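Below: one structure, written as structure tokens.
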Amino acid sequence: MSLDLSLSRILPRPRTLLLSLVLAVAGVVLWHSTEQQYRERLSWMGVTEWQQPSAQTFTRVLRNDGYLVGWSDFRVGALWASYTLQDRGDVNIGPRPDFDADWRTLWPVSTSSYSGSGYDRGHLAPNYAMAVNGGEAAQQDSFLMSNMLPQRPKLNRQLWQRLEAVVMDHFLPRFGRLQVITGPIYAPMEWASVESWTRLALDRVGFIEIPQSFYKIVVVPGETPRAVAFIMPQDVQGDEPLSDYLVSIDEVERRTGLNFMPSLPPAVESAWEATAGVGDWNLSKVSQLPARFN
DNA sequence: TTTATTGT
């Protein structure tokens, strides 16, 4: 008896091969369209893009319960977090969960990576907003380390906390629905400067690059959408008026290189170009509200 | 605890 090792015995029959291919393609198409639907639900008018894509700007979109994160393997940190909020009235939220490592980042960012650094683990998509809007699963996901960036305590616990509280306590009840995009701004990289390289190599918490400042964009979806944006630096006292940090969305795009809400009609976008705070946000009323913690 | 770390 001889052993038949000819290819025809090993390879599937042409018909089987074709069927497998068709199923594989159908699977990919289905997965892609499902993933698109998830992403669109969490980001009104399109997922954040780069103005000029390059190897350095490579971003992976991590989908979570309640929010999306654009993860940069180059910075070892998120470049943006995006979520939509719906006013749900008074909701009791569960206890504050523990921080959790996220294996998808590939880089080892553990829950103790920030220890002794002098920086807080600052949420991009906030615990409270995620808990109210998306329930327990979203709240738990908001504690993934991929949703954290190094923030100075006075920024995280005071100025930034006040901004997050205003979004939930004033903007959301008033407008009913919001699109929020938030993330870091890094010092511009000058390729010819030794200082720039030194900072890139050393100004880190573990592997994570330390941002210079943070932005938050808040939009009321609609045909003539309102928009407001802030950029807040690391070094603040915490009790400054929020309105001191008002910027236009265009300014945030210039400083990040990102293109937010890429599907917006050009007319709407150009209306936002130079204006900080399109429409009335009643900032004078909320700008000086105190921090919850001191 | 609508933010967190430190230290016990």
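The values are calculated or read from the model by the stated rules, or taken from the named source; none is laboratory data. In this text, all values refer to a predicted model and were calculated from it rather than measured experimentally. Note that we place each Cβ from the backbone using ideal geometry, even for glycine, and neighbour counts take in every protein chain shown.
Couple of notes before you dig in:
- Picking from residues in region A:139-157 that are assigned to a strand (DSSP E or B) and near DNA strand B (Cβ under 10 Å from one of its atoms), the one that is farthest from A:R75 (Cα to Cα) is A:Q151.
- Of the helices (runs of 4 or more DSSP H) lying entirely inside region A:159-215, the ones with 3 or more residues being in the same structural domain as A:Q237 (by TED's automatic domain parsing), touching a helix residue (DSSP H, G or I) at 6+ places or on another chain (Cβ under 7 Å) and buried (at least 18 other Cβ atoms within 10 Å of the Cβ) are found at A:160-166.
- Matching option when the condition is in a helix (DSSP H, G or I), of a type outside the set (A, V, I, L, M, F, W, C), at pLDDT below 90 and assigned by TED's automatic domain parsing to the domain that holds A:P150, among A:Q37, A:Q56: A:Q56
- Inspection of region A:244-254 finds no residue satisfying the criterion of being closer than 25 Å to A:T57 by Cβ, in the same structural domain as A:V167 (by TED's automatic domain parsing) and within 16 Å of DNA strand B (Cβ to nearest atom).
- Hey, A:G135 buried (at least 23 other Cβ atoms within 10 Å of the Cβ), of a type outside the set (A, V, I, L, M, F, W, C) and out of contact with any Ser or Thr (no Cβ under 6 Å at 6 or more places or on another chain) or not: no
- Residue in region A:62-69 that is over 17 Å from the mean Cα position of the chain (by Cα), assigned by TED's automatic domain parsing to the domain that holds A:V180, touching a residue at least 12 places away in the same chain (Cβ under 8 Å) and closer than 16 Å to A:M145 by Cα present: no
- Scanning region A:247-294 for residues that are closer than 17 Å to A:A165 by Cβ and surrounded by 13 or more Cβ atoms within 10 Å (Cβ to Cβ) turns up A:W281, A:L283, A:V286, A:S287, A:Q288, A:L289, A:A291.
- Scan of region A:74-118 for residues that are assigned to a loop (DSSP other than H, G, I, E, B), without any contact (Cβ under 8 Å) to a residue 60 or more places away in the chain and away from DNA strand B (no atom under 13 Å from the Cβ), ordered by number: A:F74, A:R88, A:A101, A:D102, A:L106
- So A:G70, is it away from DNA strand B (no atom under 16 Å from the Cβ) and not in a loop (DSSP other than H, G, I, E, B): yes
- Region A:218-246 - residue that is surrounded by fewer than 18 Cβ atoms within 10 Å (Cβ to Cβ) and of a type in the set (S, T, Y) and, of those, farthest from A:Q86 (Cα to Cα): A:S243
Yes or no, residue by residue, for (1) out of contact with any Ser or Thr (no Cβ under 9 Å at 6 or more places or on another chain); (2) closer than 30 Å to A:W272 by Cα; (3) more than 13 Å from DNA strand B (Cβ to nearest atom):
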{"position": "A:P173", "(1), (2), (3)": "yes, yes, no"}
{"position": "A:T198", "(1), (2), (3)": "yes, no, yes"}
{"position": "A:Y215", "(1), (2), (3)": "no, yes, yes"}
{"position": "A:E223", "(1), (2), (3)": "yes, yes, yes"}
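- Taking the conditions (1) within 11 Å of DNA strand B (Cβ to nearest atom); (2) farther than 25 Å from A:L242 by Cβ; (3) in contact (Cβ under 8 Å) with a residue 24 or more places away in the chain in turn, A:Q161 satisfies each one other than (2).
- Index of the failed condition, A:A125 passing every other in (1) touching a Ser or Thr at 6+ places or on another chain (Cβ under 9 Å); (2) more than 8 Å from DNA strand B (Cβ to nearest atom); (3) in a helix (DSSP H, G or I): (3)
- Taking residues in region A:172-194 that are farther than 19 Å from A:W44 by Cβ, and partners anywhere that are surrounded by 12 or more Cβ atoms within 10 Å (Cβ to Cβ) and of a type in the set (S, T, Y), the pairs with Cβ atoms closer than 7 Å and at least 6 places apart or on different chains are A:I185/A:S213; A:I185/A:Y215; A:I185/A:T256; A:M189/A:S196; A:E190/A:S196.
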